[in-house]
Amino acid sequence: MSQQRGNERGDLNAGGGGGGKGLQGEGLDDQAGKRRKMNDGGVQAREGPDKGQEGDGLDAKGKRKRARINRGPPNKFIKAIHMAAKYCDRQAAMAAFRGAKAAGMKLNQDTMNSLLYILVGGDKWSDHARSACEKVLGEPKEAKSLEDGAANEPEGPKKETPEGSAIPGQDDFRTEVFEYMKDGQMLNSEMGFTAQARLAACHGDAEQAFEFLDKMLEQRIPGKLRMFTPALVCYAVLGNIEGALKVEKRIKGENLDLTELEFRLLLEACATSGSYDQFATLLASVGKERTFLEESTVEHIMRYFKSGRADEAFAKGAPHEGKEMWAVKHVDVSPDGYCDLAGGKVAPIDLEEADWGKFLDGVKQIALDREKNNAFSVYLNWLERNGPFDIIVDGANVAMHGQNFEGAFFRFNQIECLMHMLATEFPQRRALVILHVGRLHGGPAKDPKAQQLINSLRSSGQLYSTPVGSNDDWYWLYAAIKAQGNGLVVSNDECRDHSFQLLAPKYFLKWKERHLVRFGIHKDRFKGMMADFRLPAPYTPCTQQLYNGTWMIPCVGGKWLCAKPL
């Protein structure tokens, strides 16, 4: 499973934008500008003794003294730089930077990363890049004489760039910081190349931003998505689909998964200059890797369908030869997936055959890395001996259902009720309950009825207790994925915590829509405690094309965008 490569403390913040709104790439989170615990006070000691320092020397007894760094006044420059990063205050950062240099301090990489963050405009860098690219689009073309042969040359992607950066005062600051980092050999890093690419983007120069990306990859520096975004933002605003697809190729070459941000930028570029084949290929990729789309992404899809380029699909030999127009509208679908405008149903689409193995291996590797004392390896062996299982029950989630009040406790009788209903409604499927070992000893587990349930599940091989310090999620998730298309997880967990964010969205989002079963538990006046299940919808909310050529795109909020050829 390909995972997004995360960002270290002190990384640059990233952004992007469809019209400057709603786009945020990988990068520094809200801790970006906060003070950091600095190694050696955020500075590297100068050689030899100096005011506020003691050099390595001999004391009166001939013993070597340990060098110390004064943690007093000089550190005010370091603190000032990191505080300036919090507010993206360029003037304050520049003053502190110059003060540190005047004091002879050698700033370390972490502090310089904060300066780079400020230099590129903080988390608003993509807004500045968009402004710069819009100026490029608005500049009049230079007149060329017929003698130059310009009259017969086709127009290519526009390469002119505006004078200076879109960020006021950026150019002077850039020169000083980059010279300092170049002398300290700090620019040839992922952080350094990312900052340079963003600066190029803030000048509206997509090609230079792409050149920095290529230079980084040539040096075999592992890429992160934020490194690809500057060029992609520029190509999107400039409407250069060929350039945007060039960036996409590099992303895939690094085995990185595109997020909605990257798909949105690709669609933005395509909406301006893409062919129908390029557009349809993009939509197919979106359908494979994403589920519900933000409205800002859907807007670019609508813009394409309403442009003349979408009519390429109606030409002779094209997919929809003989049709004349696209009917484009936001619609609802029925509980069974039927759309009146489309004249058909959206389909249940699961992971592809090759995806199951990659998804399973990815979860396995994360669990093996995070679980202690070979706990997950023990589980894998147990699963091979006692499986397979078609239904996996998140035991703790079931037992604590409806217990969000004072005096609530772990209810084994809810697990018993749910297991009974599963056996009744799904007699051909075998269920496994995952419970933390701490739940099986003491407290509610001492109740005789609870002990009877625990012993019964153990004897039938339908209970696995995860050890102390383990994360139950990995255990039930792995077992369910191992069952592939037949696997179901019974849980009301929203799967939004940090653990699930480690999973590749292109697998997890679609899996969640097809294999997560919600449940309810209530008391019936005559039958006692009852459980009911809400199975996944009979269709998958992902971008897909129906048999009649209609495109259906699910939107956040529940609506669908329907584009039907007429």
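Quick notes on this one:
- Only one of T272, T229 that is assigned to a helix (DSSP H, G or I), touching a Ser or Thr at 6+ places or on another chain (Cβ under 9 Å) and either open to solvent by less than 10 Å² (accessible area, probe 1.4 Å) or not β-branched (V, I, T) (or both): T229
- Residue list for segment 535-566, filter: open to solvent by less than 30 Å² (accessible area, probe 1.4 Å) and β-branched (V, I, T): T540, T543, T550, I553
- Candidate set from segment 73-98 (those that are free of Cβ contacts under 8 Å to residues at least 24 places away in the same chain and not in a loop (DSSP other than H, G, I, E, B)); member that is most open to solvent (accessible area, probe 1.4 Å): K76
- Within segment 324-359, the residues that satisfy the criterion of being assigned to a helix (DSSP H, G or I) and either open to solvent by 60 Å² or more (accessible area, probe 1.4 Å) or in contact with a Phe, Trp or Tyr (Cβ under 7 Å, 6 or more places away or on another chain) (or both) are E353, A354, D355, K358, F359.
- Filter result (free of Cβ contacts under 8 Å to residues at least 40 places away in the same chain and among the aromatic types (F, W, Y)) within segment 491-542: F500, F526
- Segment 323-353, residues that are of a type in the set (G, A, S) and over 14 Å from T550 (Cβ atoms): S334
- Cβ-Cβ under 6 Å pairs, at least 6 apart or on other chains, segment 451-466 side closer than 10 Å to V433 by Cα, far side of a type in the set (V, I, T) and loosely packed, with under 14 Cβ neighbours inside 10 Å: S465/V437
- Filtered residue count, segment 295-317, keeping only those that are open to solvent by 20 Å² or more (accessible area, probe 1.4 Å), touching a residue at least 40 places away in the same chain (Cβ under 8 Å) and among the hydrophobic types (A, V, I, L, M, F, W, C): 2
- K215 vs. criteria part of a helix (DSSP H, G or I) and within 22 Å of the chain's Cα centre (by Cα): no
- Qualifying residue in segment 437-458 (condition: in contact with a Ser or Thr (Cβ under 8 Å, 6 or more places away or on another chain) and acidic (D, E)): no
Yes/no per residue for (1) modelled with pLDDT of 95 or more; (2) touching a Lys or Arg at 6+ places or on another chain (Cβ under 7 Å):
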{"residue": "S465", "(1), (2)": "yes, no"}
{"residue": "S491", "(1), (2)": "yes, no"}
{"residue": "L502", "(1), (2)": "no, no"}
{"residue": "R518", "(1), (2)": "yes, yes"}
{"residue": "C555", "(1), (2)": "yes, no"}
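- Of the helices (runs of 4 or more DSSP H) that lie entirely inside segment 446-521, those containing 1 or more residues that are surrounded by fewer than 14 Cβ atoms within 10 Å (Cβ to Cβ) and in contact with a helix residue (DSSP H, G or I) (Cβ under 8 Å, 6 or more places away or on another chain) span 448-459.
- Which listed residue, of L282, L256, is assigned to a helix (DSSP H, G or I) and within 22 Å of F210 (Cβ to Cβ): L282
- The residues of segment 363-375 that are acidic (D, E) and open to solvent by less than 90 Å² (accessible area, probe 1.4 Å) amount to a single one, E371.
- Every residue from segment 59-87 that is at pLDDT 85 or above and hydrophobic (A, V, I, L, M, F, W, C): F77, I78, A80, I81, M83, A84, A85
- Counting the residues of segment 379-407 that are without any contact (Cβ under 8 Å) to a residue 12 or more places away in the chain and among the hydrophobic types (A, V, I, L, M, F, W, C) gives 2.
- Subset of segment 191-204 (residues that are crowded, with 24+ Cβ neighbours inside 10 Å, touching a residue at least 60 places away in the same chain (Cβ under 8 Å) and out of contact with any Cys (no Cβ under 7 Å at 6 or more places or on another chain)): M191, T194, A195, R198, L199, C202, H203
- Selected residue [assigned to a helix (DSSP H, G or I) and crowded, with 20+ Cβ neighbours inside 10 Å] from V378, V393, V398: V398
- Residues in segment 522-566 that are among the small types (G, A, S) and outside any loop (DSSP other than H, G, I, E, B) were compared, and the one that is farthest from M419 (Cα to Cα) is A563.
The values are calculated or read from the model by the stated rules, or taken from the named source; none is laboratory data. Predicted, not measured: the structure shown is a model, and the values here were computed from it. When we count neighbours, we look across all protein chains shown, and the Cβ atoms used for this are built from the backbone with ideal geometry, even at glycine. The accessibility values were calculated without ligands, DNA or RNA, using every heavy atom of the protein model including side chains. Shrake-Rupley method; radii C 1.70, N 1.55, O 1.52, S 1.80 Å.
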